[in-house]
1. Using 0.36 nm times the number of residues separating A:Lys134 and A:Ser40, minus their current alpha carbon distance, what extension gain do you get?
2. Remind me, relative contact order of chain B in percent, using alpha carbon pairs under 8 angstrom and six or more residues apart?
3. Mind checking B:57-70 for the average number of partner chain beta-carbons within 10 Å of each residue's beta-carbon?
4. Compute the separation of the alpha-carbon centres of segment A:149-192 and segment A:47-94 and state it in Å as a whole number.
5. Order of A:237-249, A:10-22 by packing, highest average Cβ count within 10 Å first?
6. Please report the orientation-averaged projected area of segment A:185-297, defined via the convex hull of its C-alpha atoms, in nm².
7. How far, in nm, would the chain grow between A:His60 and A:Glu194 when pulled straight, counting 0.36 nm per residue and subtracting the alpha carbon separation?
8. Size of chain B along its principal axes in angstrom, Cα-based, largest extent first?
Amino acid sequence: MHATQSLCPVCLRRLEAAYEEDGDGAVYLTRTCPQHGRFSALVWPARDAVPSLCSFDQWHVVKTPSYPERPQTGTDKGCPYDCGLCPSHAQHTCHGLLELTLACNLACPLCYADAGGQAPPPDPSRETVSGQLKRLLEASGRCNVQFSGGEPTLRADLPDLVREAKALGFPLVQVNTNGVLLGRDPELAQRLAEAGLDSVYLQWDSLDPERLAVLRGTRVPNLLELKERAVEHCARAGLGVVFVATVVAGVNETELGDLLRDAVRRGPVVRGLHVQPASFFGRSPCGLMSSRRFTLAHVMQAFCDQAPEWVHGTDFHPPHCEHSLCSFNAVYARVGSGLKSEREGMDKAMGGGMAVAAAEGSRIAKAYTARLWARPSQDAGRGDGAGADCCGEGPQDAFSQFLVARSADRRFTLSGMAFQDALSVDVERLRGCCIHIVRPDGRLVPFCCQNMTSIAGHALYPGRLDPAHDLAPDRSGDAPV
Amino acid sequence: MLNREKNFKPDHGKWICGRCHVPLEQLKVQALYLQGAFDVTLPRCPKCGMTLVPESLATGKMVEAEGLLEDK
């Protein structure tokens, strides 16, 4: 169907690859390593498995590439071994991620960063993080920032780092957290809000304690209760919360409808539900080769099946920023206690099928996320139109009325992102990635490159918190790991 | 469609149409963007219809509304 390049999941060498369709319409990414043989990963399920969705071919947005204005590495060994970003990278930064620690108060069986071990490396110093933020600003401008880890709330200076990021002018500053400390300490959310935090990216995988334990372990027995308290504390502090569910086939894929209904029920503090089918890098309870592939299309179909009262296949669309196979998005209006799709007219909004400049897709995605994932305004839930009349000049004009009627507070996003592991990796997708991890030395590495590990657990970009670590080893030739 | 209007006057100064050489008047116009229609009163040339969008509106409420009509 379509030629690209991929990696061998055993030795991580680059290989020619192709998307191939079988007789049932299922699409696989396949390639053959001269040393380790043929590998294939399901990318889009057979037609009868996803009856509510369009075909693989139709799930596509054409983008014209936008290259880094200030590349920090050269093009030497070729993608994906030169990341930093190199001059060939085809998309700007939408989200810059800073890993503040590899310490964690959970020890999840599933952890991309393989964090929470007995002896994590030292946290990057305050000066290092300051340098990373400045480097991100120089390289990528005012993109959105996410503090991640490990568990970033374990750092006592987190509010100071949030304050620093906001002072540099980053429009959305978000913390990616398991919610344990936000649940235990009622004041933490308030301190972060006062520092300028906009949004909490809250790990929220299951409403069932047993399923939660499969994914998140048992180190914190009352984990679900603490997460619920964290949501309450964030609401009180005025922080926006995005629920993030990692989905593993056989564990929680039948729970997506319930997760959606629960997220909506909790009100405007929850800005959206973001679903990530589990990728197999770092630490995982299931093997890379033996696990059933749960694709983005499976996630979308599951929502159609499990929440048919709100969700339909036509609600979803591919992204205009990252590669089409990396994510999906749907926007709903909160109407009464339910949701109503706002998809109508959106195709036209994005050019009606015309090629989109990657830079424009990036601009829109950044603004969209900043607007819809940030804290709800003080006027959330007001229906009298008074909230938008900032000038207090009497009757509402049409723009103000519209802003109230369609305000971000009344919208709910349902989105998903499929990270690439060593089996599903497509070099073209890596090159179009807009989510970049800022390494301690200031290099920007696409999220899936930074987390990529081979079957044996060898990292493509090792030493994630070590500023002195070399660039990715050369695997572009024939030298296997 | 929304039709409660409000008068958006120029941010400063008196404006004259460069083509017709007549002063702009506050006239009702309809701004269309994607599936949205907005009835507002803006400075407009009574002869040729050239309309001035005051900077404060263009960079304020108008850009916010535009953002809400767009999607990721």
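The values are calculated or read from the model by the stated rules, or taken from the named source; none is laboratory data. From a predicted model like this one, the values you see are computed outputs, not experimental measurements. So basically every Cβ, Gly included, is an ideal-geometry build from the backbone, and we count neighbours across all protein chains shown. Note: accessible area is taken over every heavy atom of the protein model, side chains too, but ligands, DNA and RNA are not part of it. Shrake-Rupley method; radii C 1.70, N 1.55, O 1.52, S 1.80 Å.
1. Using 0.36 nm per residue and subtracting the Cα-Cα distance, I get 29.8 nm.
2. Answer for chain B is 32 percent.
3. Counting Cβ atoms of other protein chains within 10 Å of each residue's Cβ and averaging gives 5.
4. For segment A:149-192 versus segment A:47-94, the Cα centre distance is 30 Å.
5. A:237-249, A:10-22
6. Its average projected convex-hull area is 7.8 nm².
7. 44.1 nm
8. Principal extents (Cα only, largest first): 42, 22, 21 Å.
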